[in-house]
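Notes for the one structure printed next.
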Amino acid sequence: MNKIILLVIAVLATSSFALASDTYTIDGAHSSVGFAVKHMGISTVRGRFTEVSGTILLDEKAVSNSSVTAAIKAASVNTDNATRDKHLNSLDFLDTAAYPEIRFQSTSVRHVDGDKYVATGNLTIRDVTRRVEIPFTLARGKGMKGDRRLGIEGTLAINRYDYHVSYDPTGVVVGKEVKIELSLEASLEETKATR
């Protein structure tokens, strides 16, 4: 009998956590992931991934209960140069045929101060998953139809060699460091908005 009571309490506790958190869906039409990398050590090439999806679970009262899950369609890479984009899709770089998605799954989210937060989690590019920290700002607002929305702006830098993206025939053509800039907008799921 005691085991049944404990099970009921556990279920109720889990349900309370779910109700305390709001689920936001990343709006792919208003989100992008930009990047910048040095070329020949003298100029900077910039690009972006245009297809981003995912879910943000936000607990306003206990931010540590929040989480972020995001996926980028690797083949959506765009540097405004068709020849370069084709090369980036190839085995030399992202090998998008074999690894169609770049993924991030948070393991923790913490509030720093004001609108500043940090998400720690696992970033997967190609066949490599590594732990990263993403400092970001969080803005809250409403959409055209009055739905609740979040805006996330974040930056991080990675060494592309860490993710088996190591093509460079001369050692100086493409920089190792890739600076990444996140610009995400997410809307509250209707099932949550109506509760």
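Entry for the chain at q = 0.10, 0.11, 0.16 Å⁻¹: log10 I(q)/I(0) = -0.49, -0.58, -1.04, Debye formula applied to identical alpha-carbon scatterers, no solvent contribution. Of the GluC sites (Glu not before Pro) found in the range 17-114, the ones in coil according to DSSP and having at most 13 other Cβ atoms within 10 Å of their Cβ are Glu60. If R0 equals 30 Å, the separation of the Cβ atoms of Asp85 and Arg130 corresponds to a calculated FRET efficiency of about 0.75. With respect to the chain, whose longest principal axis is taken over its alpha-carbon atoms, helix 2-20 is tilted by about 60°.
For the range 22-193, what relative contact order do you get, as a whole percent, if you take Cα pairs closer than 8 Å and at least 6 residues apart?
Here the relative contact order equals 26 percent.
Which residues does a label at Ala36 reach in the range 156-189, if reach means a backbone N under 13 Å from a point 7 Å past the Cα toward the Cβ? From the range 156-189, the list is 156-157, 178-182.
What is the log10 of I(q)/I(0) for the range 50-136, computed with the Debye formula using one identical point scatterer on each Cα and no solvent, at q = 0.21, 0.22, 0.23 Å⁻¹? Per q value, in the given order, log10 I(q)/I(0) is -0.96, -1.01, -1.06.
Coordinate-derived values only; no laboratory data. Note that the structure is predicted; figures quoted are calculated from it, not measured. FYI the Cβ positions are ideal-geometry reconstructions off the backbone, even for glycines, and counts take in every protein chain you see.
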